Amino acid sequence: MNANSNRKADAEVSAAHSMKFVDISMDLHNHKSSAVQKLVLTQIGLIFLLFSVIDSSNHKKSSNYTFARPAAKMSINPIVISSSVKQTATVIFLHGLGDSGNGWAEAMTQIRQPYMKVICPSASPMPVSLNQGFRMPSWFDLFTLDESGPEDENGIKEAAKLVHSLIDREIETSNVPSSRIALGGFSQGGALALYSAFTYNKPLAGVMALSCWIPLHKTFPAAAISNKDMPIVQCHGDCDPIVPLKWGQLTASILKSFAKNTELKTYRGLMHSSSDMELKDLKKFLETVLPPV
């Protein structure tokens, strides 16, 4: 693994400034091997993104956000990396907006232990309001880049039910207890992983929340029905222009109000992406929450 290379995380889809919404990030994680191709971070449209954040308040005044969007659906063919020895644990990782399970499969393979099975599901394409209804893989709809803006409450809850069903199916088919299953996700996928864990009625091993936020944050701590003691590691770049570090810090503050085992790790110079250092930290986290048995 090339320690000097960051992993490609985002491709930007830009609209004209006059359309109010100027930029929407698609969290495309580069899954090509660094042994074959040097991995680089491409950040396009950063200036336009800043305009978008500035314009979000004006847009809220002119829009009532009455979008009729279908609920997200999970791909019936997730990427599955079987354990190389007897399986005793499972890692489920959720990709970011516009990506697929393929985008994180290699990275998860590199950090898992031989007894861990990895599942990387893919969200089905759906119209995303923030991008003028453009269809892309998304777990739920997004209306604004403003952390205080409206959220797709129904879509988030339906997506969490999909994750819960995936966990239940893994327990039934692999005979692995919920306490040996860890969730993770990047950006929108990390947000969904957090929400899904706290609204799941069985104990989980832990959550890896990368470059993300906690959705429907005003509903917590009441919304957290379980897993308040599970280990949570947040990882966030201090130069993230898409999901700013302050969102991660706000999430950390909210989590600490009711969750007992949380940690926020920041990475100097990292944008909306992952890095070798972050992956090393995630590997240590998985070894801790899912030790060999």
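The values are calculated or read from the model by the stated rules, or taken from the named source; none is laboratory data. The structure presented is a predicted model; accordingly, all values stated were derived computationally and were not measured. Cβ: placed from backbone, ideal geometry, glycine included. Neighbour counts: every protein chain shown. For accessibility, only protein heavy atoms count, side chains too; no ligands or nucleic acids. Shrake-Rupley method; radii C 1.70, N 1.55, O 1.52, S 1.80 Å.
Hey, can you grab everything whose amide H is under 5 Å from the amide H of Ala123? Only 5+ residues off in sequence or another chain; H modelled, so Pro and N-termini drop out.
Placed amide hydrogens put Ser75, Gly101 under 5 Å from Ala123.
So how strong a dipole does the range 95-147 carry about its Cα centre when Lys and Arg Cβ are +1 and Asp and Glu Cβ are -1, to the nearest 20 debye?
Computed charge dipole of the range 95-147: roughly 300 debye.
What figure, in Å² to the nearest 10, do you get for the accessible area of Arg180 with a 1.4 Å probe and non-protein molecules left out?
In the full protein context, Arg180 sits at about 30 Å².
Kindly write out, for the range 257-267 in residue order, the coupling ³J(HN,Hα) from the Karplus curve 6.51 cos²θ - 1.76 cosθ + 1.60 (θ = phi - 60°), rounded to whole Hz, with x marking Gly and Pro.
Karplus-based 3J(HN,Hα) across the range 257-267 equals 6, 9, 9, 9, 9, 10, 8, 10, 9, 10, 10 Hz.
Quote the FRET efficiency, to the nearest 0.05, computed for Lys283 versus Arg135 with a Förster distance R0 of 51 Å and r equal to the Cβ-Cβ distance.
0.90
Which entries of Lys256/Lys284; Lys157/Lys218; Lys218/Lys283; Lys86/Lys161; Lys218/Lys260 show an alpha-carbon separation above 24 angstrom in the structure shown?
Distance filter (> 24 Å) returns Lys218/Lys283; Lys86/Lys161.
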